[in-house]
1. So which residues in the stretch A:213-235 are more than 9 Å from every other protein chain (Cβ to nearest Cβ) and hydrophobic (A, V, I, L, M, F, W, C), if there are any at all?
2. Restricting attention to the stretch A:133-177, which residues are among the hydroxyl-bearing types (Ser, Thr, Tyr) and touching a strand residue (DSSP E or B) at 6+ places or on another chain (Cβ under 9 Å)?
3. Report whether or not residue B:128 is among the hydroxyl-bearing types (Ser, Thr, Tyr), in contact (Cβ under 8 Å) with a residue 24 or more places away in the chain and in contact with a Leu (Cβ under 9 Å, 6 or more places away or on another chain).
4. Any chance you could count how many residues in the stretch A:59-96 are β-branched (Val, Ile, Thr), part of a strand (DSSP E or B) and under 14 Å from the mean Cα position of the chain (by Cα)?
5. Where in the stretch B:115-201 are the helices (runs of 4 or more DSSP H), entirely inside, with at least 1 residues that are modelled with pLDDT of 95 or more and more than 30 Å from residue A:156 (Cβ to Cβ)?
6. Any residue in the stretch B:154-171 that is surrounded by fewer than 18 Cβ atoms within 10 Å (Cβ to Cβ), farther than 28 Å from residue B:11 by Cβ, of a type in the set (Asp, Glu) and facing chain A (nearest Cβ under 9 Å)?
7. With the requirement that a residue be within 11 Å of chain A (Cβ to nearest Cβ), within 24 Å of residue B:146 (Cβ to Cβ) and open to solvent by 40 Å² or more (accessible area, probe 1.4 Å), what does the stretch B:241-278 give you?
8. Could you pull out the residue among A:42, A:59, A:46, A:14 that is open to solvent by less than 40 Å² (accessible area, probe 1.4 Å) and either over 26 Å from residue A:221 (Cβ atoms) or modelled with pLDDT of 95 or more (or both)?
Number of protein chains: 2
Amino acid sequence: MRDDAQIGVVGATGAVGRVTLELLRERGHESIRVFASSRSAGMRLGDLTVEEATPEALGAAELDICLFSVGASASRELVPPAARAGALCVDKSSAFRLQDGVPLVVPEVNGERARENSGIVANPNCCSIPLAMVLAPLRDAVGLRRVRVATYQSAAGAGSQAMQRLLEEPVEKHDLRMDWDFDGVELEEESKIRAETQKILELPELPVSATCVRVPVLVGHAEALWVETEEPLGPDQAQMLLGEAPGLRLEQFPSPLAATGLDEVLVGRIREDHAAENGLALFLACDNLRKGAALNAIQIVELLLRSRAAV
Amino acid sequence: MRDDAQIGVVGATGAVGRVTLELLRERGHESIRVFASSRSAGMRLGDLTVEEATPEALGAAELDICLFSVGASASRELVPPAARAGALCVDKSSAFRLQDGVPLVVPEVNGERARENSGIVANPNCCSIPLAMVLAPLRDAVGLRRVRVATYQSAAGAGSQAMQRLLEEPVEKHDLRMDWDFDGVELEEESKIRAETQKILELPELPVSATCVRVPVLVGHAEALWVETEEPLGPDQAQMLLGEAPGLRLEQFPSPLAATGLDEVLVGRIREDHAAENGLALFLACDNLRKGAALNAIQIVELLLRSRAAV
């Protein structure tokens, strides 16, 4: 990334925002300004002072890049003025993900789409990112027919307050939860996973059936997958393909704790699905705050800056 | 149950053994003797003194009924002498489940098979019991083609030491685990679920693909299911069928904590699986110490005593 790029981090005091800052620093970026709601304005984050995130402030901030980790309604209000003021905006909310003209990008899968932006690039849902990374090499090799996925999502996916609640909750009260909006049939999270996977993989008709569950784990999401492919693919071949795919690491038993702090998505338990003609069963885990959110967004930015530098 | 039946509880100091005792007392059974390994012999359980479980002791104990909640190798050693001495043995381990001539029974599903015993009736795995209860009404109505299941299994399924470890473990260390024997392809738990479901449902060829995961929840197992049926069945019809089925209770979001202490299996999230022609997605939760283990075994005993009384 250009050393002189002015980077704004909006939602800097949240769980994803803090990891974003940590990763930017790790990667040597120093010109950072941090924004959050009026509640946190004035707060210190290391040597930075939190500025209030308003449409006016972001419109006037002269940022080159702006990373948003706020809710969808805040993104709808804050992203457009920042983009109009010339900042390349990478938004981690669901606000723009399915909008025409907004690329929805996982660099390892469809990085080339990022350049087709008009100032906004969307970062997919924390479950859609690792799912697309595991599905893409299978799609390329043998085509995809159907996908079923059961998720094991950590408290971190619900934000830092949810993490705090889990830390304070007696173990006897630990439970599975389905704490997403519900339309009477599907959880919003489940429809997001379907629609986003279809968009990222450019398979608008791909059947994806998801069941989303929050588990009492602090950080790290996992997913049990069943994938039916167009052509047959043995588990050994699948394992070889996935072992060579960018951003993936083979692991016998991928787990959230093992994935925490890693950049890679762990994938394993690759075996035949006896319940299908061309079927595979797999299991994945990833750090939902890093590759599931902050890291993916920073990788999008770095990709775009590299491609600008190359022009 | 006959008031005068002499009941032995073997493995009485374990997680399932303790619930067995509690349930027997709740149901008014007073003539109980408790057995466990030499380590626990002499220990007091309320007003009962733990006797050492040896083949000789059980062979000489003159029990009418003997409920075993010990590991498979201990069951292999202890169950046959007790059965030879005339006790009706209900074994909760995997030792005899798939053996010809040993009925594998979920009373609501195949209770009539229990009478075909030669002294031993096997209690299925804690995940197979609720799974069979949800699948049986669907099998009867429209036939089953394929089943996929991702489990969310609690610490209680691994015994009281595992529960203690979870209680003492810092929340930051909570993780998903796959702590079962592994043959390089499947976990033993996954093959058990397939083979037992096939036997209980009397569908020896039914494709069942399971992914088993231990979650940091103290008590209560949950399962995300995808079921393909032979004939179409709408989610509303499926919900009606399951709502009327014995031992099931409809719940919008079944969870382990909500299921804990209940006799019923909770089932919900009943919806179309868009990734299949005749497909349903569902979610279930049950108290793995009660219906998943101790309660199911006691129900088997009560069923047999009722049928003897009726003869």
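The values are calculated or read from the model by the stated rules, or taken from the named source; none is laboratory data. If you're wondering where the values come from, they're calculated on a predicted model, not measured in any experiment. Note that we place each Cβ from the backbone using ideal geometry, even for glycine, and neighbour counts take in every protein chain shown. To get the accessible areas, we keep the full protein, side chains included, count just its heavy atoms, and leave off ligands, DNA and RNA. Shrake-Rupley method; radii C 1.70, N 1.55, O 1.52, S 1.80 Å.
1. The answer is A:227, A:233.
2. Going residue by residue through the stretch A:133-177, those that are among the hydroxyl-bearing types (Ser, Thr, Tyr) are A:151-152, A:154, A:160.
Passing the criteria: A:151, A:152, A:154.
3. yes
4. Matching residues across the stretch A:59-96 total 1.
5. Working: elements: B:128-142, B:160-168, B:188-201.
Once the helices (runs of 4 or more DSSP H) in the stretch B:115-201 are filtered for at least 1 residues that are modelled with pLDDT of 95 or more and more than 30 Å from residue A:156 (Cβ to Cβ), what remains is B:128-142, B:188-201.
6. Scanning the stretch B:154-171, I find no residue that is surrounded by fewer than 18 Cβ atoms within 10 Å (Cβ to Cβ), farther than 28 Å from residue B:11 by Cβ, of a type in the set (Asp, Glu) and facing chain A (nearest Cβ under 9 Å), so the answer is no.
7. Residues satisfying the conditions are B:272, B:274, B:277.
8. Numbers: A:42 fails: open to solvent by less than 40 Å² (accessible area, probe 1.4 Å); A:46 fails: open to solvent by less than 40 Å² (accessible area, probe 1.4 Å); A:14 fails: either over 26 Å from residue A:221 (Cβ atoms) or modelled with pLDDT of 95 or more (or both).
Going through A:42, A:59, A:46, A:14 in turn, the sole match is A:59.
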